[in-house]
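The values are calculated or read from the model by the stated rules, or taken from the named source; none is laboratory data. Since the model is a prediction, treat every value here as computed from it, not as a measurement. Reconstructed Cβ throughout: ideal geometry from the backbone, glycine too, with neighbour counts over all protein chains shown.
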Amino acid sequence: MLTKMVDTSDEWIVQRTGIRERRIAVNQTTAELAITAAKHALADTGITAQEIDIIIACTATPDSYTPSIACRVQAELQAQRAVAFDLSAACSGFVYATDVVDSYFRAGKAKTALVVCAETLSRIVDYTDRTVCCLFGDGAGAAVYQWSETKDGILQTFMGADGSRGDALLATALPVEDPLEQSRNTEVDRFLHMNGKEVFRFAARTVPEAIDCVLKQAGVTIDEIDWIVPHQANLRIIDVICRRYGLAPEQVYVNLERYGNTSSASIPLCLDEMRRNGLLLAGQLIIFVGFGGGLTYGAVLIRI
Ligand code: COA
């Protein structure tokens, strides 16, 4: 399909990115994807909506400026006790949200949290721009975190940002204009613009930095890690992680060949597949690591 829309080839895309397929939401809102993922997560855990203290929705593609996706989810679930807000950290959203949940737990402000990541990136992808359109897909994933007295769970978090490089992944929203001017320029460029090389270099530098940081803070070595679940953007970036730490491909979960880059949803989509396939076992040490728009990055070390 893409080869009919832009000057590209399946061979180029697979070689340079590892991506073979992506899912596109047709006539579906981001909130609808988020609600479906949230309902699945609650059903899988057996936790009721009334137990949820906080809902964080991560998205770079909200349906509206207000209400937030998180409030839409809260309403649909009837999770009346939950505070609800969106978090804007693009592809690092799941990692950032996990850090916020950890802070709420440590402060005693919440015991049960729902993190839902939902993206309809196809709405901001320019399907005439070959440097962008082959990379991204739509999707949603959710996770429920629950406070426990044990020392397991979220062990360490690290987040970083470099706003000075923000234009490397740029999607603007409202046009800047004089609101009192009658002849308003209502033309809005809604498409995502990317400097792929700069983002690649940023990821290759910051992903190992984030992993090193959580390992060091936790006093854990890479040999003790059962899984690394990276943001799924490009297989070549994942290869950088494997080479840097001498990891076998089996230690790093990859599914981007089927979904492309689903931004904040990519890590929870991996976790859902891993759980369904029996790959997640009690006691395992897992690192989530993300990077993306902002530019942002971060890692989380958990014991499940
Ligand atoms: N099909 C065919 N050719 C393409 C193409 C496509 N889909 N996209 C780009 N090209 C062309 C470029 O126009 C360029 O042509 P030119 O040399 O005539 O100018 C050539 O391929 C090389 O482009 P380049 O940008 O150097 O390729 P690359 O090896 O850096 O790969 C990316 C491009 C986008 C795949 C890569 O930079 C990348 O993955 N970056 C990270 C992006 C990312 O992860 N973004 C999301 C972050 S959350």
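With respect to residue 173, is the statement that it is of a type in the set (A, V, I, L, M, F, W, C) and assigned to a helix (DSSP H, G or I) true? Taking the combined requirement at face value, the residue does not satisfy it. Total residues in the stretch 123-149 satisfying the condition of being in contact with a helix residue (DSSP H, G or I) (Cβ under 9 Å, 6 or more places away or on another chain) and under 22 Å from residue 14 (Cβ atoms): the figure is 14. Please go through the stretch 228-244 and give me each residue that is within 9 Å of the ligand (Cβ to nearest atom) and among the basic types (Lys, Arg), ordered by number. Passing the criteria: only 236.
Summed over the stretch 24-57, the residues that are surrounded by fewer than 24 Cβ atoms within 10 Å (Cβ to Cβ) and out of contact with any strand residue (DSSP E or B) (no Cβ under 6 Å at 6 or more places or on another chain) give a count of 18.
Only a single item in (1) within 26 Å of residue 14 (Cβ to Cβ); (2) part of a helix (DSSP H, G or I) is not met by residue 216, and it is number (1). The residue list 232, 284 contains one member that is surrounded by fewer than 18 Cβ atoms within 10 Å (Cβ to Cβ) and out of contact with any Gly (no Cβ under 6 Å at 6 or more places or on another chain), which is 284.
Let's see how each residue does on (1) aromatic (Phe, Trp, Tyr); (2) under 22 Å from residue 292 (Cβ atoms); (3) part of a helix (DSSP H, G or I):
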position	(1), (2), (3)
15	no, no, yes
33	no, yes, yes
47	no, no, no
57	no, yes, no
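The rows are residues; the columns are (1) within 16 Å of the ligand (Cβ to nearest atom); (2) at pLDDT 95 or above.
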| residue | (1), (2) |
| --- | --- |
| 192 | yes, yes |
| 197 | yes, yes |
| 210 | yes, yes |
| 226 | no, yes |
| 248 | no, no |
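If only residues of the stretch 63-91 that are in contact (Cβ under 8 Å) with a residue 40 or more places away in the chain and not in a loop (DSSP other than H, G, I, E, B) are counted, the one that is nearest to residue 104 (Cα to Cα) is 70. Of all residues in the stretch 113-165, exactly one satisfies the criterion of being under 17 Å from the mean Cα position of the chain (by Cα), part of a helix (DSSP H, G or I) and under 14 Å from residue 193 (Cβ atoms), namely 121. Set side by side, the residues 94, 105 differ, and just one is within 16 Å of the ligand (Cβ to nearest atom), buried (at least 16 other Cβ atoms within 10 Å of the Cβ) and outside any strand (DSSP E or B), which is 94.
Among residues of the stretch 277-295 that are in contact (Cβ under 8 Å) with a residue 60 or more places away in the chain and under 26 Å from residue 193 (Cα atoms), those with a Cβ under 7 angstrom from a residue that is more than 10 Å from the ligand (Cβ to nearest atom) and of a type in the set (Lys, Arg), sequence gap 6+ or separate chain, pair up as 295/165. Restricting attention to the stretch 253-263, the residues that are touching a Gly at 6+ places or on another chain (Cβ under 8 Å) and assigned to a helix (DSSP H, G or I) add up to 4.
Screening residue 24 against (1) within 16 Å of the ligand (Cβ to nearest atom); (2) of a type outside the set (Ser, Thr, Tyr); (3) part of a loop (DSSP other than H, G, I, E, B) leaves a single unmet condition, (1).
Close Cβ contacts (under 8 Å, 6 or more residues apart or on different chains) running from residues in the stretch 206-233 that are acidic (Asp, Glu) to residues that are part of a helix (DSSP H, G or I) comprise 226/251. Looking across the stretch 1-21, the residues that are near the ligand (Cβ under 8 Å from one of its atoms), surrounded by 11 or more Cβ atoms within 10 Å (Cβ to Cβ) and farther than 16 Å from residue 257 by Cα come down to 6, 8.
Residues are listed down the side, and each one gets a yes or a no for (1) part of a loop (DSSP other than H, G, I, E, B); (2) within 15 Å of the ligand (Cβ to nearest atom):
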site	(1), (2)
265	no, yes
279	yes, no
290	no, yes
300	no, no
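Determine whether residue 203 is surrounded by 13 or more Cβ atoms within 10 Å (Cβ to Cβ), away from the ligand (no atom under 16 Å from the Cβ) and under 17 Å from the mean Cα position of the chain (by Cα). In short, no.
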